1. When you check PRO64 against the structure, is it assigned to a loop (DSSP other than H, G, I, E, B) and at pLDDT 95 or above, yes or no?
2. Take the conditions farther than 23 Å from ASN232 by Cα and of a type in the set (D, E, K, R) and apply them to ASP96. Does it pass?
3. Can you tell me which residue within the range 173-191, out of those that are assigned to a helix (DSSP H, G or I), in contact (Cβ under 8 Å) with a residue 12 or more places away in the chain and under 23 Å from LEU52 (Cβ atoms), is most open to solvent (accessible area, probe 1.4 Å)?
4. Kindly indicate whether ARG57 is basic (Lys, Arg) and under 20 Å from HIS227 (Cα atoms).
5. Among the residues of the range 151-171 satisfying the criterion of being within 20 Å of PRO212 (Cα to Cα) and touching a strand residue (DSSP E or B) at 6+ places or on another chain (Cβ under 8 Å), which is surrounded by the fewest Cβ atoms within 10 Å (Cβ to Cβ)?
6. Given (1) open to solvent by less than 30 Å² (accessible area, probe 1.4 Å); (2) under 18 Å from ARG221 (Cα atoms); (3) at pLDDT below 90; (4) assigned to a loop (DSSP other than H, G, I, E, B), identify the lone condition not met by GLU35.
7. Going through the range 68-78 one residue at a time, which ones are in contact with a helix residue (DSSP H, G or I) (Cβ under 9 Å, 6 or more places away or on another chain) and either open to solvent by 40 Å² or more (accessible area, probe 1.4 Å) or at pLDDT 95 or above (or both)?
Amino acid sequence: LIPTAKAMEIAPVLGQALRQMREVLGPNGFNPAREKRIFRLAMSDYGSAVFLPGLLRRLRLEAPGVELVVTQSSREAMLRLLLDGECDLALGVFPDLPERLQAGQLAIEHFACVADRSSMAGKDRLDMDGYLARPHVLVAMNDGTNTEIDMALRALGQMRHVVVTLPHWGNAPRLIHGTDLVLTVARNALALHESDPSLVLFEPPFPIAPFPFVQVWHERRASDPAHLWLRNVISGVTASLK
């Protein structure tokens, strides 16, 4: 038999429902130590660097039978994966969520700047004029400057000069060494570079609103015991980072 298009469409929903029934009606209910399951997570390399190490340590201790498959894509693509049932959780910044998607806040992020110390002429920060006079590195999955940083600048009637755009948070700070470039990113993305004597970390010379970093899931998975357990584990890992 060849499944119809409708059958293919509802297959993820039915599979999820059957898993929930087995977990709830099983002889001992849901037990993470016995769980055998693959969770599919979508996040940037920033999320992988900041949250994934602690999450894996918890999983290896509490649920060694649980496997993770992590993918990276744009915000829009992550939300589509959730809606289509191709992904269990998306971690990131999602200002606008479609209907049927739910979110839980993990952290409030603030921005920080980083520049090469040798280019700072003995200063430990840049004022607005100095900031705008520098070339900048932009971290974004898509082309353009529609980021929280650039929206804050436009509100002040200003614009920065972006000369490098890349999709990888982790590699961005390394591009600053030996250049006049400035990078403005989430503070936690710079955690591994705070002790680097060749770099200067400082607050942006203009206000940028902090942003919530969240985990997002489809409402069909809200009451799944295993899914709920994983969301709680991720929340616990995040709380330990604050």
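The values are calculated or read from the model by the stated rules, or taken from the named source; none is laboratory data. Quick caveat, the model's predicted, so the values are computed rather than measured. No Cβ is skipped: glycine too gets one built from the backbone with ideal geometry, and neighbour counts run over all protein chains shown. These accessible areas exclude ligands, DNA and RNA; they are computed on the full protein's heavy atoms, side chains included. Shrake-Rupley method; radii C 1.70, N 1.55, O 1.52, S 1.80 Å.
1. Criteria met by PRO64.
2. Criteria not met by ASP96.
3. The extreme case among them is ARG187.
4. yes
5. Per the stated criteria, the residue is HIS168.
6. (3)
7. LEU68, VAL70, THR71, GLN72
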